[in-house]
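*Asks:* Sharing a structure, written as C-alpha cells. Questions coming.
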Amino acid sequence: MKIKEKIVLYISLILALSVNKVCSQDSTLKISGGICINKMVGFYFMNGVSGEISTSKILKGKVDLGLNITTSSLGSAFVSNAIPVHSAELYIQKVFRNGKHFRPLIVLNAGYAKAFYGSKIYDNLPQSSLLVSPEFGMRYAFNFPIVFNATLGYNVISGNGVSGAGFIYPVYIRFKALYAFGKK
C-alpha cells in the first residue's frame, strides 16, 4: 500500500471513529443513504452509493458529513471495455434555506480513485489519484424523507495520463437520490 493510500485510510478511520463518538445517543442524528450518479464531462459515468449524517453535535448542525463510493463498473464499464475505475470520497456539505423545497448547497470532497487497466502494458501509466473537488448545486427536498441533489463539480487534481491520472477529468456532474432514516 502506497503512502497516499495509507493516509486516506487513516484519515477515514479517524473521521469514522470521531463521528461515531460524537453521534452516539444523539436525538438530532439523521442518517441518509441512496444512489449516486457521476458523469465526468467528456468521459465516463461512475455510479454507486452515497451516505450522509447530520447532527447538532457537528458544527452545531450547520453541515453534513458524507461518503460517496462510485465505480465505472456500475456505469460506463458495465457492459463495455471501458477502464474500471473505483473511487471513495469523504465530503462535508452546507445546505442553505432549510425548510424550503429548493435548497442551494456547497460541497467539499476529498478522496481517492484507482483504475484497473487490465494489462501490464499500461503499468507505466498513473493508476491512482487523490481527489479534491468543490461542488455547487441544488437540493430538492420533498415532503417525505427523500431528497434529490444535482451538483456541478471541479476536480482540482486531474491529469492527461502522463502527468497525473488520465481517468480523472476536471468537470463533472453529480446526481443523488437519498432517503433519510432519521429526523433532524
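*Asks:* Identify, by number, the condition in (1) more than 22 Å from Ile37 (Cβ to Cβ); (2) modelled with pLDDT of 95 or more that Leu130 doesn't meet.
*Replies:* (2)
Per-residue answers, yes or no, for (1) within 24 Å of Gly166 (Cα to Cα); (2) among the hydrophobic types (A, V, I, L, M, F, W, C); (3) modelled with pLDDT of 75 or more:
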{"position": "Cys36", "(1), (2), (3)": "yes, yes, yes"}
{"position": "Phe45", "(1), (2), (3)": "yes, yes, yes"}
{"position": "Asn81", "(1), (2), (3)": "yes, no, yes"}
{"position": "Phe96", "(1), (2), (3)": "no, yes, yes"}
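*Asks:* Moving to a separate point now. Among (1) at pLDDT 85 or above; (2) surrounded by fewer than 18 Cβ atoms within 10 Å (Cβ to Cβ), which single condition is Lys57 missing?
*Replies:* Result: Lys57 fails condition (1) only.
*Asks:* Further question: How many residues are within 20 Å of Asn98 (Cα to Cα) and modelled with pLDDT of 95 or more when one looks only at the range 133-145?
*Replies:* Total satisfying the criteria: 6.
*Asks:* I would also like to ask the following. Does any residue of the range 65-88 turn out to be in a strand (DSSP E or B), surrounded by fewer than 18 Cβ atoms within 10 Å (Cβ to Cβ), touching a Pro at 6+ places or on another chain (Cβ under 8 Å) and not hydroxyl-bearing (Ser, Thr, Tyr)?
*Replies:* Within the range 65-88, not a single residue is in a strand (DSSP E or B), surrounded by fewer than 18 Cβ atoms within 10 Å (Cβ to Cβ), touching a Pro at 6+ places or on another chain (Cβ under 8 Å) and not hydroxyl-bearing (Ser, Thr, Tyr).
*Asks:* With the checklist (1) within 18 Å of the chain's Cα centre (by Cα); (2) within 18 Å of Gly34 (Cβ to Cβ) in hand, flag the one item Asn143 doesn't pass.
*Replies:* Failing condition for Asn143: (1).
*Asks:* What do you reckon, is Lys62 closer than 22 Å to Phe142 by Cα, in contact (Cβ under 8 Å) with a residue 24 or more places away in the chain and among the charged types (D, E, K, R)?
*Replies:* When the stated conditions are applied, Lys62 passes them.
*Asks:* Name the one entry in Ile157, Ile173, Ile168 that is among the β-branched types (Val, Ile, Thr), in contact with a strand residue (DSSP E or B) (Cβ under 7 Å, 6 or more places away or on another chain) and modelled with pLDDT of 90 or more.
*Replies:* Ile173
*Asks:* Go through the range 37-64 and count every residue that is of a type in the set (Ser, Thr, Tyr) and part of a strand (DSSP E or B).
*Replies:* The qualifying residues number 2.
*Asks:* Here are Leu105, Leu125: which of them is at pLDDT 95 or above, of a type outside the set (Ser, Thr, Tyr), over 11 Å from the mean Cα position of the chain (by Cα) and surrounded by 14 or more Cβ atoms within 10 Å (Cβ to Cβ)?
*Replies:* After applying the criteria, what remains is Leu105.
*Asks:* Further question: If the Cβ limit is 9 Å and pairs must be 6+ apart or interchain, which residue in the range 30-45 that is more than 24 Å from Leu65 (Cβ to Cβ) and free of Cβ contacts under 8 Å to residues at least 60 places away in the same chain pairs with which residue that is hydroxyl-bearing (Ser, Thr, Tyr) and surrounded by fewer than 19 Cβ atoms within 10 Å (Cβ to Cβ)?
*Replies:* Short answer, once both residue conditions are applied: none.
The values are calculated or read from the model by the stated rules, or taken from the named source; none is laboratory data. All figures in this text were calculated on a predicted structure; none of them were measured in a lab. Every residue, glycine as well, gets a Cβ built from its backbone with ideal geometry; the counts of neighbours run over all protein chains shown.
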